[in-house]
Amino acid sequence: MSQGVEFNRLMLDMRAMQMDAMSMPKAAAAPELGSSSFADMLGQAVNKVNDTQQASSQLANAFEIGKSGVDLTDVMIASQKATVSFQALSQVRNKLVQAYQDIMQMPV
């Protein structure tokens, strides 16, 4: 049941981010000197996926050695979160590579 709650929370967060991005005025959408660039945002996403995978690994190791308070369901949920986040990052990477290849094949 908690997995469904986690998924619903993730979807709500994604929709909120989408609405924030869509409600930005055109002038504010342009990168400014102090704002984050696309490379920074992508780097943060990669770091977050890495943190998720490390947390999943640590939780699995704690379960394997029999640490008290670590439940199998928590381990499996963390593992699935790490897997889904890595797959999403891989899909973003694939789309970026495809876009780059499409741009490079355009006649000038």
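The values are calculated or read from the model by the stated rules, or taken from the named source; none is laboratory data. Remember, it's a predicted structure, so these values are computed and weren't measured experimentally. Reconstructed Cβ throughout: ideal geometry from the backbone, glycine too, with neighbour counts over all protein chains shown.
Before moving on, here are some points about what is shown:
- Selection of first residues in the range 59-73 that are free of Cβ contacts under 8 Å to residues at least 24 places away in the same chain and of second residues that are assigned to a loop (DSSP other than H, G, I, E, B), restricted to Cβ pairs under 7 Å at least 6 apart or on distinct chains, gives the following pairs, ordered by first then second residue: Leu59/Val70; Ala62/Val70; Phe63/Val70.
- Considering the range 8-32, and only residues there that are within 30 Å of Gln80 (Cα to Cα) and basic (Lys, Arg), the residue that is modelled with the lowest pLDDT turns out to be Arg9.
- Checked against (1) modelled with pLDDT under 75; (2) surrounded by fewer than 12 Cβ atoms within 10 Å (Cβ to Cβ); (3) not in a loop (DSSP other than H, G, I, E, B), Ser35 passes all but condition (3).
- For the range 53-108, the set of residues classified as surrounded by fewer than 10 Cβ atoms within 10 Å (Cβ to Cβ) and either in a loop (DSSP other than H, G, I, E, B) or at positive phi (or both) consists of Ile65, Gly66, Ser68, Gly69, Gln105, Met106, Pro107, Val108, listed by residue number.
- Among the residues of the range 55-108, those identified as closer than 17 Å to Ala45 by Cα and of a type in the set (Lys, Arg) are Lys81, Arg93, Lys95.
- Among the conditions (1) surrounded by 10 or more Cβ atoms within 10 Å (Cβ to Cβ); (2) modelled with pLDDT under 85; (3) assigned to a helix (DSSP H, G or I), Val5 misses just one, which is (1).
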